[in-house]
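One structure is given below, encoded as structure tokens.
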Protein chains: 2
Amino acid sequence: MAQGIIRGVDGIYLDWAATAPPYPDLSRAAAELAVDLFGNPSSAHAAGRAAKTAFEEARKRLAKALGCAPGHVKFTSGGSEANAIVLLSLVYAASGGSVVISAIEHSAVYEQAMVLERFGIRVRVVKPGPAGIVRPGDVADAVDADTRLVSIMAVNNETGAIQPIGDIVSAVRDASKGFRKAPLVHSDAVQAFGKIGFKPAELCLDAASMSAHKLGGPRGSGCLYLARGLDVLVRGGGQEDGIRPGTHNLAGAWAFSQAAERACADLPASLENARSLEARLLDGLRSIPGARVLPDGRVPASTDYSPYIVGAAFPGLGGETLARVLDDQGIYVSTGAACSHAKKERRVMDAMGVDRDLSFSAVRISTGRDSTAADIDRFLEAAESAYRRYKT
Amino acid sequence: MAQGIIRGVDGIYLDWAATAPPYPDLSRAAAELAVDLFGNPSSAHAAGRAAKTAFEEARKRLAKALGCAPGHVKFTSGGSEANAIVLLSLVYAASGGSVVISAIEHSAVYEQAMVLERFGIRVRVVKPGPAGIVRPGDVADAVDADTRLVSIMAVNNETGAIQPIGDIVSAVRDASKGFRKAPLVHSDAVQAFGKIGFKPAELCLDAASMSAHKLGGPRGSGCLYLARGLDVLVRGGGQEDGIRPGTHNLAGAWAFSQAAERACADLPASLENARSLEARLLDGLRSIPGARVLPDGRVPASTDYSPYIVGAAFPGLGGETLARVLDDQGIYVSTGAACSHAKKERRVMDAMGVDRDLSFSAVRISTGRDSTAADIDRFLEAAESAYRRYKT
């Protein structure tokens with residue numbers, strides 16, 4: 001990305017997995033829509049109906065991008081809320097039973113799942129292999145007759161590892177044959193939808209969570225794909241078929257649907273660009289003496305990894321330090337999930353069996369629709385120079 | 001409001017309690033802010049820090065409008081979510097005990113409270129008097145040693161009745177003296193903040209819920225005032241001191257804070273305008289043969305009612321029918337809360353002891369910053385004519 005293309009940031013933005021810059025034209029058009037169609041979509045009068053019509057058009061547009069029927073899309077305030085709706089529905093329905101998650105889930109699933117233990121719901125945590133990929137067989141082994149929910153993310157936000165969701169769904173269905181009730185299978189797909197392609201219905205998922213701001217839509221918008229109804233814990237005005245209460249955010253839903261449509265239309269070209277940048281980055285990292293790709297065996301164009309996210313380690317130099325040195329030069333990467341940087345937590349890397357020495361020297365480089373080869377080169381140059389200068 | 005001032009609606013908008021048209025300049029400026037300061041406020045790098053700085057400025061601005069310290073303001077996706085955070089914190093902490101609410105709460109409190117019964121938490125529902133006002137003594141009587149939460153709204157959304165929150169807080173504190181633990185006192189203030197003035201700290205509340213879109217801010221933004229920490233049920237990335245997970249919605253928070261500042265600055269003038277419209281409306285309603293003000297005894301400029309919200313009944317003509325006839329003429333009123341119109345529910349009116357014949361003939365007229373005497377006159381004229389023509 002050329003410097004200054006993103007206003008407010010004179011630099012190289014390589015943290016698209018934390019958030020994507022919104023499409024400026026959609027942001028502006030949504031602001032006009034909020035003014036023009038200000039009615040509450042739940043109001044019966046013409047001002048409400050006009051807003052409702054636009055809202056339902058947004059739902060249809062988003063459903064098309066997701067490859068599902070509009071009735072299966074419920075708008076939420078974001079990916080975190082979509083995850084919480086699914087996990088907390090267990091608390092509403094009954095106590096007891098178990099849930100199966102992976103050790104590499106985003107905290108919106110992981111921390112929420114841990115709360116379920118207060119309600120007598122056991123949480124079984126499946127570790128990924130050293131490549132950061134969860135094995136369908138391991139998930140199936142963790143499922144038993146009392147399992148009520150399986151939640152495995154589609155793409156890991158730190159390593160880019162694509163989880164075999166289709167195979168996981170099949171394995172869970174097979175494992176739960178003969179059980180009185182099969183578990184709900186859910187996937188947090190915020191790093192997949194609009195990036196690598198993600199169709200929850202094709203994958204036979206029961207539920208999936210999407211976020212607008214990861215693909216160029218606004219903050220504060222997301223959606224939940226639901227194959228069927230759900231008894232939810234959070235109640236109120238009955239919006240979204242009772243799945244998510246609160247006045248509809250028309251501007252947010254509209255911009256999300258437009259951004260999703262655009263991201264999905266541009267997906268082949270974006271992916272091609274991302275793969276070329278991934279190859280450049282992986283090659284470049286391996287040419288820096290001592291630097292490592294995380295996981296080690298990752299090769300360019302592997303279908304096991306999202307090309308938009310690359311983990312790298314610089315043993316002997318703290319990831320936080322490297323990120324700060326790069327930051328001073330206007331190059332923006334992260335050391336993990338944005339929301340966990342303060343916690344100094346390395347849960348994902350630990351689960352993959354990565355040494356703490358290595359994981360604490362890790363940074364995440366993530367690209368997006370506007371990223372360029374020059375961005376990668378600037379990062380590599382600056383990282384190599386910082387590594388040479390500061391490593392202990 | 002002159003016709004066409006609100007684009008997309010050629011008509012007379014008298015449903016401001018459902019949602020207020022956003023301030024157009026703030027909507028547009030927020031869209032630019034979302035583009036300029038696109039970083040994730042949780043990111044450590046310069047793009048994140050720039051967004052974080054603006055986010056914290058928004059918190060300070062909003063706190064000033066609320067008359068509290070910035071640390072006591074937690075941004076949410078709206079009033080409903082703020083209510084749910086407080087009510088569901090009980091479920092996190094323990095089962096059992098009781099909560100006290102009024103019979104006239106918005107469904108975001110009422111329906112959510114009913115869910116608490118699944119967790120062994122008894123819900124005591126206090127009825128208002130015939131004027132739609134909850135008596136502090138009745139609330140205090142409902143509180144006992146096992147009461148964990150009292151939640152009474154600040155302004156009723158159907159009648160405009162201002163609840164005596166300060167007196168209710170005192171009465172609850174008195175009633176719970178000597179108890180091992182005093183109940184948390186919360187107020188849903190979405191119809192009060194920025195409209196009649198509302199300072200949760202001055203009222204000695206423990207918690208209060210506010211909504212941006214009720215005062216000219218964007219949909220999808222709200223906040224929770226919290227006097228102290230809370231163990232919440234919904235978990236994730238730890239944002240808002242762990243009170244509300246999910247990527248910060250900077251544009252939403254910014255526009256909310258600006259709209260709140262403006263609404264509070266304009267409050268004396270807005271209130272004066274609203275009181276003059278209220279007087280015109282109450283006089284006009286009483287001059288229509290057979291029409292009634294709900295509640296009957298309401299007089300102009302009474303400090304017991306928000307002047308922005310007036311309930312009226314047209315016995316012998318269904319409220320839904322009247323609203324539809326007015327709608328056809330481009331005059332937009334409602335028959336209750338926007339989100340309950342489909343449910344044909346009259347919970348608030350029932351609780352006040354209003355006859356079903358009367359409550360099913362009720363409409364709500366609600367004004368806002370741009371409402372004019374001409375709007376009221378057009379409504380009165382059209383309502384009188386419709387009533388004469390269609391009443392049975």
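Set the Cα radius of gyration of the stretch B:152-208 against 2.2 N^0.38 Å, with N its number of residues, and you get 1.16.
Normalised by the number of residues in the stretch A:179-286, the mean separation of alpha-carbon contacts (under 8 Å, six or more apart) gives a relative contact order of 24 percent.
Annotated for the stretch B:26-264: lysine pairs at least 8 residues apart or interchain, Cα distance under 16 Å, count 9. Annotation for A:Arg286 and A:Asp231: the two label points, set 7 Å from Cα along the Cα-Cβ direction, are 5.4 nm apart.
A:Asn157 sits among other residues whose Cβ lies under 10 Å from its own Cβ, and their net charge, with Lys and Arg +1 and Asp and Glu -1, is -1. When only alpha carbons are used to place a centre, the stretch A:207-270 and the stretch B:250-300 end up 34 Å from one another. Between A:Arg275 and A:Arg173, the simple label model (points 7 Å from Cα in the Cβ direction) yields a spacing of 2.8 nm. The other copies place their A:Asp377 label points at 7.2 nm from this one, listed shortest first, where each point is 7 Å from Cα along Cα→Cβ. Each part reduced to its alpha carbon centroid, the stretch B:131-151 and the stretch A:39-75 end up 40 Å apart. log10 I(q)/I(0), Debye, Cα-only the stretch A:349-392, no solvent, q = 0.18 Å⁻¹? Scattering profile of the stretch A:349-392, log10 relative to I(0): -0.72. Less than 14 Å Cβ to Cβ from B:Ala142, Lys/Arg counted +1 and Asp/Glu -1: what total charge do the surrounding residues give? Taking every Cβ under 14 Å from that of B:Ala142, the sum is -1.
For A:Glu32, inter-copy separations between label points set 7 Å beyond Cα along the Cβ vector come to 1.6 nm, shortest first. For the options B:Arg378, B:Arg61, B:Arg180, a Gaussian network treatment of chain B with springs between C-alpha atoms closer than 10 Å singles out B:Arg180 as fluctuating the most. Shielding value for B:214-224 is 4, the average number of Cβ atoms from other chains within 10 Å of each residue's Cβ. Kirkwood analysis of the protein assembly as shown, using all unique Cα-Cα pairs, places the hydrodynamic radius at 27.0 Å. Just so you know, the averaged projected area of the alpha carbon convex hull for the stretch B:256-372 sits at 8.2 nm². Entry note, the stretch A:26-264: relative contact order of 26 percent, from Cα contacts under 8 Å with a spacing of 6+ residues. Each principal axis of the Cα cloud of the stretch A:26-264 was evaluated for its coordinate range; sorted largest first, these ranges are 54, 35, 27 Å.
Running Debye on the stretch B:69-183 with equal point scatterers at the Cα sites and no solvent, what base-10 log of I(q)/I(0) appears at q = 0.10, 0.20 Å⁻¹? Debye curve over Cα of the stretch B:69-183, log10 I(q)/I(0) at q = 0.10, 0.20 Å⁻¹: -0.29, -1.17.
In nanometres and ascending order, the distances from the B:Thr303 label point to those of the other copies are 7.3 (point 7 Å from Cα along Cα→Cβ). The fraction of all Cα pairs in the stretch B:1-124 landing in successive 10 Å bins from 0 to the largest distance is 10, 24, 27, 26, 12, 1, given as whole percents. Helical content of chain A, expressed as a calculated mean residue ellipticity at 222 nm, amounts to -12000 deg cm²/dmol (DSSP H runs of 4 or more residues, -39,500 (n - 2.57) each, divided by residue number, nearest 500).
Read-outs throughout are calculated quantities, based only on the coordinates presented, and are distinct from any laboratory measurement. All of these numbers come straight from a predicted model, not from anything done at the bench. Every residue, glycine as well, gets a Cβ built from its backbone with ideal geometry; the counts of neighbours run over all protein chains shown.
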